[in-house]
Structure formats: structure tokens, C-alpha cells
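This report concerns only the one structure given below.
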Amino acid sequence: MSADPARLAAEPVHDGLEDALRTALRGVPHGDAGPRIAVAFSGGGDSTALLHAACALRAELAVVIYAFHVHHGIASDADAWLIHCREQAEAFGAIFDAEHVAPARLRGSLEANARTLRYAALTALCRRHRCTVLLTAHHEDDQAETVLVNLARGSGIGGLAAAARRRWLDDVLLLRPLIDLPGRRLRDHLAAHGLAHVDDPSNSDRRFTRNAIRHEVMPALRRIAPTIASRLAQTAAHAAAMQGLLDDIGLEDLQRHSERDPERDPGPDASPEALDVDRLASLSNARAANALRVWLARRGF
């Protein structure tokens, strides 16, 4: 039997989640509506731990906490999960809202489509409620799994960089404040506070690459190297730094070897509107490909 959520919202948090949140939220920008922080809340264990910790700190940080839920309509229990999330978020003291989306098999996997639609819906919810910051509950184990998933797909440096600690979704700042914490810290938080959460059975479906890695590959790797999750997360951090360097080099090459419209693209860090292909071809193949990747990425491809 879970403890009363209303009482739990006032209990102090002592397991590292609050420190991670304080660090992540230090100096974040606030919009004209004031300090409004949104939490992506699926109702699962990780997002429940994050929302609970955020609500416990809202008075100290002088912020308003919003809990945003995306209803995909895929699972038969999706309606029940939405009701659970609404009740739990409101009990914690968060303002709740939800968005319904319907993943379509336009291209790629159902997982990829659902993820794309989920972030679009969360961004829309943030704009609707004038929240400038969105928190997700990704942790160190998730980061390690993402590295292995992307290795299996043959990804380059960008894939090995896995999930960014922070990035912009247009005008919304996405933060992953728990990215350095192992997943067991979140599970300990749930147990210590008796927090109920939903259990999505699809998370055990090993037909999905990530689930197979989580339930089969990672346990085997931990038997060989107990600290493998933190090592893979460290690899992701190194790859992210390398990717940043490649982006800087690519932008420098674009500005040096391409034409830029000073009226439409005046910023010193902006990539050019048009590519001078002949001059770009004077670069090595690898450097030209990197510059082209940067140019395409900055145009949403």
C-alpha cells in the first residue's frame, strides 16, 4: 500500500535527486510569466521520482511546477495511466495537463515516431502554459543503453554522444538533471517514499532493441564490468565534447568556404544560406562531409 501522496509532497528528499535538480536549475532562463518548470510525466517510476523531487523543492526554488503527460493511445491502459498521472501530480502540488497524440507509421519505427510526437507535444504544452524549461528523467543507465543502441545502429560520434544534458527545443530549454545518477538512486527514492507508479508492459518486450539491451546485454556486461553503465555514460560525455568540436570546425569551414547573406544571416555563429560547392570541394572528403552535415543539421535535417 503506497503512502499518502499529499503527505509525501512535503517530505524532504535526501538521496541526491534534490542536489542534481538544484545544480541543473541554477541560472536557467525564465520567461515573462515567471519561473515555471515543466516535468515530462509518463507516470513511470523514473518520471515519478523526478516530479516528486521537483515538487519537494518548489518552495525553496520559488518555482511553479507543471506535470505534462503525453497520451499516445497505444497501450490499452493509456486512459487509466492518464487518470493516475493527473491525480498523483495534483497530490504532489504540480499543475497537470496532457496532450493526446496518435503515432503514425510514416517512416522508421513506432518507437521513433512516438518519441518525435512526444517531444512535439511536450513543447506545445510548454508554450501553452508559458514554461521555458522542460525536465526529463533520463538517468545514467538510460545514457548507457542509448550508447549501445546507437552502436548497434552503426551511429557515428553524434550517436555515441547519446542524450544531451541540455538542448533547445525551439524556445524551450530541455534539461536532463538526473543524467549523472544511476537508475537505482531513482528506484531507492520511490521505495523510500512509497511512491506508486505505472508499469508499462511494453518495457519488457524484448523485440525492441532497447529492451533487449536493458534486460539481456546490460546484465551480462555488469557481470564482466560492474561499473559499465558509468563507463558508457563517460564515453557519451567524451563523444559529446568531440561532437561539439566537429560542429565548431564545420561551422568555421562553412563560413570560410561558403557564401553568406549578411542581411538574412548576420550572426558570427550562423551557417551560410548558400553553399559554394567548388570551394567546399577544396576540403578533404571528411572535412567537407562534416561541414555539409552541420549545414543540413542547422536547417532541421
Quick check on Asp253: is it within 30 Å of Ser282 (Cα to Cα), part of a helix (DSSP H, G or I) and open to solvent by 60 Å² or more (accessible area, probe 1.4 Å)?
no
Could you tell me whether Ala163 is over 27 Å from Leu21 (Cβ atoms) and part of a loop (DSSP other than H, G, I, E, B)? no
Within the stretch 283-299, restricting to residues that are surrounded by fewer than 16 Cβ atoms within 10 Å (Cβ to Cβ) and among the aliphatic types (A, V, I, L, M), the one that is farthest from the chain's Cα centre (by Cα) is Ala286
The condition from (1) within 20 Å of Leu21 (Cα to Cα); (2) assigned to a helix (DSSP H, G or I); (3) modelled with pLDDT of 95 or more that Glu60 misses is numbered (3)
- Can you confirm whether the stretch 173-188 contains a residue that is of a type in the set (Gly, Ala, Ser), closer than 26 Å to Ala120 by Cβ and either at pLDDT 90 or above or over 19 Å from the mean Cα position of the chain (by Cα) (or both)? no
Of those in the stretch 82-111 that are open to solvent by 30 Å² or more (accessible area, probe 1.4 Å) and either polar (S, T, N, Q) or under 16 Å from the mean Cα position of the chain (by Cα) (or both), the residue modelled with the lowest pLDDT is Ser109
Here the qualifying pairs (Cβ atoms under 6 Å; residues six or more apart or on different chains; first in the stretch 175-201 and aromatic (Phe, Trp, Tyr); second assigned to a loop (DSSP other than H, G, I, E, B)) come out as none
When every residue in the stretch 245-282 that is more than 26 Å from the chain's Cα centre (by Cα) and polar (S, T, N, Q) is compared, the one modelled with the highest pLDDT is Ser282
Note: among Asp19, Asp32, just one is open to solvent by 70 Å² or more (accessible area, probe 1.4 Å), over 23 Å from Phe208 (Cβ atoms) and at pLDDT 90 or above, namely Asp19
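The values are calculated or read from the model by the stated rules, or taken from the named source; none is laboratory data. Only a predicted model underlies this, so the values are computations on that prediction, with no experimental measurement involved. Because the Cβ atoms are built from the backbone with ideal geometry, glycine has one as well, and the counts that use them run over all protein chains shown. Accessible surface areas use protein heavy atoms only, side chains included; no ligands, DNA or RNA. Shrake-Rupley method; radii C 1.70, N 1.55, O 1.52, S 1.80 Å.
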